[in-house]
Amino acid sequence: MAIKFLSAIDLGGLELVNAKPQFVVGANLINTGTPQAGELLASAHEGRIVYDSTANVVKFSDGSTWLDVSGDIRSITAGSGLTGDATSGDVTLAVGAGTGITVNANDVALDTTHTRNVAHDSVTLTAGAGLTGGGAIDTSRTFAVGAGTGITVNADDIELTNSGNLTQYKLLMWGASQLEQPDITRTVDLSNNETITFGGAAVVIAGNLTVNGTTTSVNSNEVNIGDSIIKLNSDETASATQDAGFEVERGTDANVSFIWNETNDYFSTVNQKLHIGTVDTMTPAGDDFFYMYENATGETGIIKKANVNTVADLMGAAKWFTLDPTQDSVSKTGNAYTITHDYNTQKIMVQIVDSSTFETVNVDVTRPTTSTVKVTFGNTVTDGDYIAILNAAKLNGDTLAYEGLSQSP
């Protein structure tokens, strides 16, 4: 149990033998806050020395912080060019004077009397491309610009040969004929609008060509493009909103166009005819497609496709149905068979034939709706013994007016 001393202890200058500071867990040495049981607040223990048993270092309080006083420098070693190694006490590092170097009280200087600082026999100056006058620096050297083709070197300047022929705002190509009649001309008007004209037989650009203006004009009579696909509207990044295509200038006549209509999602010649050179022929099956002209309201000029069965229904072409209720399009009640068709009209010619002899038989035939035909036999017949052949009349014989798929008879 520790004995408390409530007054200062004066040892009279004698040694404190076999003493050690108080051991405290590092977490209990706090710098701020309200101390809890076992915690030591730095501001409450100014000048106190303890041993941090967690970090194994001696610490003391300066009234605001617990400071580590153990230190971590054990020795100092002078590096290259320095002297003054030590393991204790005050240390002074000094710069060692080397060949051609003098060390003074407050500075380090070149020893200008030493030959190493004034002799340059091994140093050579090399004249780069376009220059002459290189060599060792044991003497004065003058570098000169070599005059090349089209360049004149004067005493104090360099100029283009024949520079007297230059005209403001004109870029000239080398050569006498170009100087008289330049192939490249650059002009700038008062609004700083520039025009560059290239003459000669051809202009070749090895890299990419980017044109940032609003209009690109090509006045040649023939344009050859190596790319197999020409992309229009290439700066579009969001959802498409602009029409795109080709317009043909026709002078005093109205221009014509071939345009992709973004609103209606189709290509259009706008208000001009479209001529197709040839159309392939085929021997169609029921699932093959014909291309048809649709003249519905608001769709004039649109070409649509329909399969063969749809075309047959539209034209009223003949179809045959086996009178057997196992067929999807045939139902039976008593001695009556009802056929469901797609002609959408009651103007239908109906023949009933024997499925074996193909002889025509006479039975009671009615047309209840625009999509059904009813065949009634006087007596019971065997399913599948007879076939109904239907043929629709799709045009009005008096006026030849198109009846349409949605009209009633």
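Please treat every number below as a calculation from the coordinates, not as lab data. What you see is a predicted model; the values in this text were computed from it and never measured. Cβ placement follows ideal geometry from the backbone for every residue including glycine, while neighbour counts extend to all protein chains displayed.
Under 30 Å of direct C-alpha separation, and excluding same-chain neighbours fewer than eight residues apart, residue 4 reaches these lysines: 20, 59. Mind running the shape call on the range 22-68? Use the C-alpha gyration tensor, a ≥ b ≥ c as the square roots of the eigenvalues: rounded below 1.5 for a/c, prolate if a/b tops b/c, oblate otherwise. Taking the square roots of the gyration eigenvalues as a ≥ b ≥ c, the range 22-68 is oblate. Fully extending the segment from residue 56 to residue 304 would add 80.1 nm, taking 0.36 nm per residue of separation and subtracting the current Cα-Cα distance. Summing charges over all other residues whose Cβ lies under 14 Å from the Cβ of residue 46, with Lys and Arg as +1 and Asp and Glu as -1, gives +1. Just tell me which lysines come within less than 21 Å, Cα to Cα, of residue 332; anything on the same chain fewer than 8 places away is out. Answer for residue 332, where 21 Å is the Cα cut-off: 319, 374, listed by chain and number. Between residue 372 and residue 327, the distance separating the two model label sites (each 7 Å from Cα on the Cα→Cβ line) works out to 1.7 nm. Extension gain for residue 365-residue 215 works out to 46.7 nm (0.36 nm per residue, less the C-alpha to C-alpha distance).
Exposure proxy ranking for 248, 365, 330, based on other Cβ atoms within 10 angstrom of each Cβ and starting from the fewest, stands as 248, 365, 330. Where Lys and Arg each count +1 and Asp and Glu each count -1, what net charge lies around residue 259 among other residues with Cβ under 14 Å from its Cβ? Residues close to residue 259 contribute a combined charge of -4.
So how far apart, in nm, are the two label points at residue 14 and residue 289 if each is 7 Å from Cα heading toward Cβ? Distance between the two pseudo-spin positions: 11.7 nm. At a Förster distance of 41 Å, what's the computed FRET efficiency of residue 32 paired with residue 83, Cβ-Cβ distance as r, to 0.05? Approximately 0.35, to the nearest 0.05.
Computed from the Cβ-Cβ distance with R0 of 22 Å, the FRET efficiency linking residue 113 to residue 92 stands at 0.20.
Among 341, 45, 275, a tally of other beta-carbon atoms within 10 Å of each Cβ gives an order, fewest to most, of 275, 45, 341. Each residue in 249, 159 was given a count of other beta-carbon atoms within 10 angstrom of its own, and listing them fewest first yields 249, 159. Net charge of the neighbourhood of residue 25, taken over other residues with C-beta under 13 Å away and scored Lys/Arg +1, Asp/Glu -1, is -1.
Spin-label model, residue 152/residue 25: points 7 Å from Cα along the beta carbon direction are separated by 9.5 nm.
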